[in-house]
Every structure is written in C-alpha cells, then in structure tokens.
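A.B. asks: Once you've had a glance at the structure underneath, I'll fire off some questions.
The values are calculated or read from the model by the stated rules, or taken from the named source; none is laboratory data. What you see is a predicted model, and the numbers here were worked out from it, not measured in a lab. Cβ placement follows ideal geometry from the backbone for every residue including glycine, while neighbour counts extend to all protein chains displayed. SASA here: full protein model, heavy atoms, side chains in, ligands and nucleic acids out. Shrake-Rupley method; radii C 1.70, N 1.55, O 1.52, S 1.80 Å.
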Amino acid sequence: MTAPSLQDRMFDQLRDQRLLDQARVCAGEYLDDSLRRPVAPSAQARAGLQAFREALPEEPASGEDILKLLHGFGAPATLASTGGRYFGFVNGGVLPAALAAKWLADTWDQNAALAIMSPIAAELETVCESWLVDLLQLPAGTAAGFVTGTSTATLCGLATGRNVLLKRLSWDADADGLFGAPPLRVVLGAQAHASVGKALGVLGLGKARVELAPADAQGRMIPEHMPALDDHCLVLAQAGNVNSGAFDDLARIGALAQNAGAWLHVDGAFGLWAAGSARHRHLMRGAELADSWSADAHKTLNAPYDCGIILCRRREALTEALQASASYLLGSGQRDGMHLTLDMSRRARAIELWATLKALGRRGVEDLVDRLCSHAQRFAAGLAAQGFRVLNEVVFNQVLVACATAEATQATLARIQQSGECWCGSAVWNGEPVIRISVCSWASTEDDIDRSVQAFVAARGER
Ligand SMILES: *Cc1c(COP(=O)(O)O)cnc(C)c1O
C-alpha cells in the first residue's frame with residue numbers, strides 16, 4: 001500500500017471534520033479565558049513566539065499541529081481585546097453572533113467581487129446598504145461599498161470627490177490623471193486623522209499642500225476660521241476626533257460646502273454610529289449634507305475585523321471612480337460589489353456585518369452606543385475623583401487623562417500597560433502626553449471600568 005497522497009489527506013480532514021472540532025475547542029478555551037486573563041501578554045508569552053521562527057518547512061504539517069502551535073503559542077501573545085478591559089486605540093470587541101456567522105461564512109469562502117460569484121454576498125451587501133442608510137439617517141439612495149476599513153473608505157470617498165469636482169471643471173481625471181488638471185484645493189481640520197494624509201498622498205492630491213482649518217481645544221474644526229470654500233474644494237470633516245471623540249460642526253460645515261459647490265467627506269470611523277442613538281444623534285446633526293462618509297463596523301459596532309464602509313450619496317459617482325472592466329467581468333445588472341470598492345477579489349465581509357446588525361437590531365445599536373458612552377463618562381468621573389486630570393469633554397467614548405506631570409503620566413501609562421489589569425494607549429494632546437482611553441467593546445461592564453480606575457490608581461501609586 002502506498003502512503004496516502006497529500007490531497008487524500010486533505011479530503012480526510014474535510015470529511016472527518018476533526019480539525020474544525022479542534023478549532024472550536026481551542027476557541028472556546030480562548031473565549032472562557034479572555035474575560036479573566038491579563039489584558040497584555042506576559043514577557044513569557046511574547047518569548048513563546050519563537051516557536052514560529054523557522055525556515056520555510058520542506059514538508060507539509062498536519063492541521064492538528066498547526067492548530068496546536070497557534071493555540072499554544074499564538075493565543076497567549078494576543079492582546080485580550082475581546083474582553084472588557086482593553087481600551088487601546090479605538091478597537092472594538094466582537095459580538096458572539098457576528099463571530100459565529102463569520103466562522104460559518106469562512107467555510108463558504110466566498111469571493112464577493114461579483115454577484116455571479118456569490119449571490120448570498122451580493123444579497124447581504126444590498127441588505128446592509130439599505131439598513132445602514134436607515135440606521136445612519138443618510139439620504140435615500142446612498143450607496144455603500146464594503147471595504148477593509150476607514151482608511152480605504154476615505155481613500156474611495158476622496159477619489160470619488162476628486163473625480164466629480166474635476167469632471168465639473170471639464171476634466172476627466174479617470175482617463176487623463178492629474179497632470180495638467182485644474183488644481184483642486186483640499187481643506188482639512190488641523191486634527192484630521194493620519195489616514196487622511198495617507199489617502200491624499202496616494203491620490204496625488206498631496207499631504208502637504210492642504211489648507212488646514214484651525215481646531216479648537218477639543219480638536220473640532222472652527223467653521224469661522226475655515227478657508228473660504230469654492231467648487232474646487234474637497235473638504236474633510238470628522239464625526240469623532242480619534243483622541244477626544246469630539247465631532248466637527250457638520251451642520252455648519254455642510255452648509256458652507258453645499259453653498260460653495262465643494263465635495264464634503266465625513267470621516268466617521270467610530271462616530272458615525274452616534275446616529276443610532278437618540279441620546280447622541282445630535283452630534284451628527286448636518287451629517288446628511290455631506291457627499292460621502294466613511295465608517296468602521298469593526299469599531300463601535302463590534303463587528304469582526306476587517307469591516308469598513310464607504311457611503312456615497314451618488315452611486316454612479318462612486319462606481320465611475322472605482323469600476324474596472326474586462327471581457328470576463330460582464331456587468332450582471334445585479335450588485336457587483338467590486339465596482340464600489342478598490343478590491344476585486346475580496347472577503348464577503350457583508351455577511352458578518354449583516355449578522356452584527358441583525359444581532360443588535362436598532363435597539364441593540366442604541367444600547368451599545370449608549371453603554372460605551374456612559375462607561376466613558378464613568379471612567380472619566382472615577383479618574384477625576386482620584387485626582388487625575390481629564391483633559392477632554394467626554395462627549396462620546398473617548399477619554400484623555402493625565403497625571404500631575406508629563407513624566408508621571410508616561411510612567412503611569414507604562415505601568416498600566418504592564419499590569420495586565422487593563423490596557424490603554426497614549427497620545428499627545430495640546431502638547432502634552434496623555435493616556436488615551438477608548439471604551440469600544442460591548443463586553444465592558446461597570447465592574448471593568450471601576451477595576452480599571454483602581455489599576456490607574458495603583459499604577460500612579462508606585463512612584
Ligand atoms: C480608526 C480611524 C481611522 C482609520 O480606520 P481603519 O479602519 O483603521 O483604517 C480613520 N479615522 C478615524 C477617526 C479613526 O478613528
């Protein structure tokens with residue numbers, strides 16, 4: 001008898017499903033542990049990553065051994081960002097139903113480029129699009145493209161705006177590029193997110209030739225001090241400053257942009273979801289005046305990574321900017337998602353977005369947004385009561401905190417990060433180093449917040 005071929009072994013793995021069972025058991029252990037374990041990996045866990053350092057193997061490995069390596073040495077070297085005491089960056093957790101739906105969809109391994117490749121992916125993109133327009137209270141007919149994240153969404157929005165503005169000036173940027181084109185102006189708040197600069201660089205609009213509108217103490221653009229707008233302007237406003245959580249005055253900026261014939265894009269990576277809450281919707285007043293919006297479902301909404309959305313008021317403008325044609329890409333007259341995004345082949349991320357929205361419903365989104373924000377308030381109040389300085393108006397889910405001196409702030413943050421009790425990141429705010437707290441996981445409880453306040457106190461105490 002000859003040894004079974006590699007392909008035969010794979011068929012065996014498919015049939016007996018033991019690998020999927022093994023993955024399920026490992027995942028279950030991880031989930032059970034994730035609410036209890038130290039938030040940051042230990043030095044020992046980091047050292048364990050050596051297990052992966054090997055030259056490209058000559059021989060195939062068994063699926064069982066692969067999962068053992070991941071579970072044994074990979075899982076311990078994760079940040080426990082699915083638990084309740086991870087407050088780093090603006091990283092959401094993951095809803096159980098969305099995680100399970102993603103597992104299932106991963107076994108389908110659908111390519112969401114064209115409707116003909118995956119009717120279910122096309123269907124759920126269509127459903128998500130209409131649900132998002134409803135939830136976020138955007139203009140009827142707004143189109144959604146499903147992308148990796150807000151960085152890409154913003155790039156898509158600005159590319160579309162660039163092409164539309166130039167087309168109105170009788171220039172076809174898609175065909176002829178920017179060489180010799182009428183110059184566009186780009187107007188940003190002084191605290192626009194780093195991903196915006198990246199998009200402008202890639203798009204040939206330049207990171208450095210932007211006109212900056214000064215920001216107030218919360219990081220909001222000051223509308224009165226914005227450069228005068230005209231129909232050569234791409235304007236970018238923020239629904240949620242990545243540090244303070246502050247929202248630009250979208251009603252004022254939207255009116256200015258509309259009157260001038262400028263293109264307004266709103267970066268709402270985590271803040272756009274404020275529209276789903278009666279208590280926080282006022283922050284989004286005027287957002288419907290924009291031409292395009294970007295959002296991340298993997299932040300506030302707690303969908304799995306990577307799940308970003310580009311929303312554009314004019315569907316044909318978005319598809320004109322992003323479509324690709326080839327003889328084998330026959331237009332189906334159905335929803336072909338690739339024409340609303342940069343990618344061609346891509347994950348069917350609308351499946352887990354659909355599961356996320358279905359698992360929450362309108363009421364669940366509101367509950368989630370309100371809970372994140374009230375926990376941020378509780379965190380800020382708890383820290384202020386302990387003598388920490390809270391430096392921002394806590395209008396959403398972000399809190400910026402400092403100790404008496406810059407050195408004390410940095411030392412305290414380093415000890416918090418090592419403690420494993422909770423995890424927060426850093427930023428520089430109005431010239432001073434700060435501890436940056438983002439309450440972004442559905443799993444955080446009031447106990448988690450109170451315990452984290454105690455971790456701050458303990459970290460500061462070890463002077
Ligand atoms: C996170 C964030 C981005 C970038 O989003 P990615 O999904 O990481 O690409 C852009 N803008 C703001 C305000 C953000 O919070």
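A.B. asks: Tell me yes or no: at least one residue of the range 235-246 is in contact (Cβ under 8 Å) with a residue 60 or more places away in the chain, buried (at least 19 other Cβ atoms within 10 Å of the Cβ), within 16 Å of Ser292 (Cα to Cα) and within 16 Å of the ligand (Cβ to nearest atom).
C.D. replies: If we filter the range 235-246 for residues that are in contact (Cβ under 8 Å) with a residue 60 or more places away in the chain, which is where we start, we get 236, 240-246.
Then keep just the ones that are buried (at least 19 other Cβ atoms within 10 Å of the Cβ); that gives 236, 240-246.
Still in the running and within 16 Å of Ser292 (Cα to Cα): 236, 240.
When the remaining residues are screened for being within 16 Å of the ligand (Cβ to nearest atom), the result is 236, 240.
Looking for residues that are in contact (Cβ under 8 Å) with a residue 60 or more places away in the chain, buried (at least 19 other Cβ atoms within 10 Å of the Cβ), within 16 Å of Ser292 (Cα to Cα) and within 16 Å of the ligand (Cβ to nearest atom), one finds at least one in the range 235-246, hence yes.
A.B. asks: Of the residues in the range 391-423, how many are open to solvent by 50 Å² or more (accessible area, probe 1.4 Å) and in a strand (DSSP E or B)?
C.D. replies: Total meeting the criteria: 0.
A.B. asks: Residues to consider are Trp263, Trp273; find the one that is open to solvent by less than 10 Å² (accessible area, probe 1.4 Å) and away from the ligand (no atom under 16 Å from the Cβ).
C.D. replies: Numbers: Trp273 fails: away from the ligand (no atom under 16 Å from the Cβ).
The conditions single out Trp263.
A.B. asks: Residues that are basic (Lys, Arg) and at pLDDT 95 or above: which helices (runs of 4 or more DSSP H) entirely in the range 139-239 hold 1 or more of them? Spell out how you get there, then give the answer.
C.D. replies: Numbers: elements: 150-168, 173-176, 194-202.
Filter on the range 139-239 gives 150-168, 194-202.
A.B. asks: Within the range 315-325, is there a residue that is closer than 29 Å to Phe89 by Cα, touching a strand residue (DSSP E or B) at 6+ places or on another chain (Cβ under 8 Å) and open to solvent by 10 Å² or more (accessible area, probe 1.4 Å)? Talk me through it step by step, then tell me what you get.
C.D. replies: Filtering the range 315-325 for residues closer than 29 Å to Phe89 by Cα gives none.
The answer is no, given that none of the residues of the range 315-325 is closer than 29 Å to Phe89 by Cα, touching a strand residue (DSSP E or B) at 6+ places or on another chain (Cβ under 8 Å) and open to solvent by 10 Å² or more (accessible area, probe 1.4 Å).
A.B. asks: Ok, one more. Of all residues in the range 100-121 being surrounded by fewer than 17 Cβ atoms within 10 Å (Cβ to Cβ) and aliphatic (A, V, I, L, M), which is nearest to Ala359 (Cα to Cα)?
C.D. replies: If we take residues in the range 100-121 being surrounded by fewer than 17 Cβ atoms within 10 Å (Cβ to Cβ) and aliphatic (A, V, I, L, M), then Ala100 is nearest to Ala359 (Cα to Cα).
A.B. asks: Farther than 24 Å from Ala246 by Cα, buried (at least 23 other Cβ atoms within 10 Å of the Cβ) and either more than 15 Å from the ligand (Cβ to nearest atom) or of a type in the set (A, V, I, L, M) (or both): does that describe Ile310? Please lay out each step first, then the result.
C.D. replies: On the way: farther than 24 Å from Ala246 by Cα: no; buried (at least 23 other Cβ atoms within 10 Å of the Cβ): yes; either more than 15 Å from the ligand (Cβ to nearest atom) or of a type in the set (A, V, I, L, M) (or both): yes.
Criteria not met by Ile310.
A.B. asks: Filtering the range 137-185 down to residues that are among the β-branched types (Val, Ile, Thr) and in contact with a helix residue (DSSP H, G or I) (Cβ under 6 Å, 6 or more places away or on another chain), which residue is nearest to the ligand (Cβ to nearest atom)? So that I can check it myself, show each step before the final result.
C.D. replies: Quick first cut of the range 137-185, residues among the β-branched types (Val, Ile, Thr) only: 142, 147-148, 150, 152, 154, 160, 164.
Now restrict to residues that are in contact with a helix residue (DSSP H, G or I) (Cβ under 6 Å, 6 or more places away or on another chain): 142, 147, 154, 160, 164.
Values: Thr142: 19, Val147: 9, Thr154: 7, Thr160: 17, Val164: 22 Å.
Top of the filtered list is Thr154.
A.B. asks: Can you go through Ala257, Ala194, Ala215 and tell me which one is within 16 Å of the ligand (Cβ to nearest atom) and either under 19 Å from the mean Cα position of the chain (by Cα) or open to solvent by less than 10 Å² (accessible area, probe 1.4 Å) (or both)?
C.D. replies: Working: Ala257 fails: within 16 Å of the ligand (Cβ to nearest atom); Ala215 fails: either under 19 Å from the mean Cα position of the chain (by Cα) or open to solvent by less than 10 Å² (accessible area, probe 1.4 Å) (or both).
Every option except Ala194 fails the conditions.
A.B. asks: Now for a different question. If Ala427 meets every condition in (1) assigned to a helix (DSSP H, G or I); (2) over 26 Å from Leu99 (Cβ atoms) apart from one, which number is that one?
C.D. replies: For Ala427, the exception is condition (1).
A.B. asks: Return the pairs, sorted by first residue and then second, in which the second residue is open to solvent by 50 Å² or more (accessible area, probe 1.4 Å) and not in a helix (DSSP H, G or I), the first residue lies in the range 410-424 and is closer than 16 Å to Asp448 by Cβ and among the small types (Gly, Ala, Ser), the beta carbons are less than 8 Å apart, and the residues are 6+ apart or on different chains.
C.D. replies: Ser419/Pro38; Gly420/Pro38; Gly420/Ser42
A.B. asks: Filter the range 313-348 down to the residues that are within 16 Å of the ligand (Cβ to nearest atom) and either polar (S, T, N, Q) or more than 20 Å from the chain's Cα centre (by Cα) (or both) and list them by number.
C.D. replies: First, the residues of the range 313-348 that are within 16 Å of the ligand (Cβ to nearest atom): 341-343, 346-347.
If the condition is that a residue be within 16 Å of the ligand (Cβ to nearest atom) and either polar (S, T, N, Q) or more than 20 Å from the chain's Cα centre (by Cα) (or both), then Thr341 is the only one that fits.
A.B. asks: In this structure, does Leu35 turn out to be surrounded by 12 or more Cβ atoms within 10 Å (Cβ to Cβ), of a type outside the set (Ser, Thr, Tyr), under 25 Å from Arg415 (Cβ atoms) and touching a helix residue (DSSP H, G or I) at 6+ places or on another chain (Cβ under 6 Å)? Outline the logic, then answer.
C.D. replies: Working: surrounded by 12 or more Cβ atoms within 10 Å (Cβ to Cβ): yes; of a type outside the set (Ser, Thr, Tyr): yes; under 25 Å from Arg415 (Cβ atoms): yes; touching a helix residue (DSSP H, G or I) at 6+ places or on another chain (Cβ under 6 Å): no.
No; evaluated as a whole, the condition is false for this residue.
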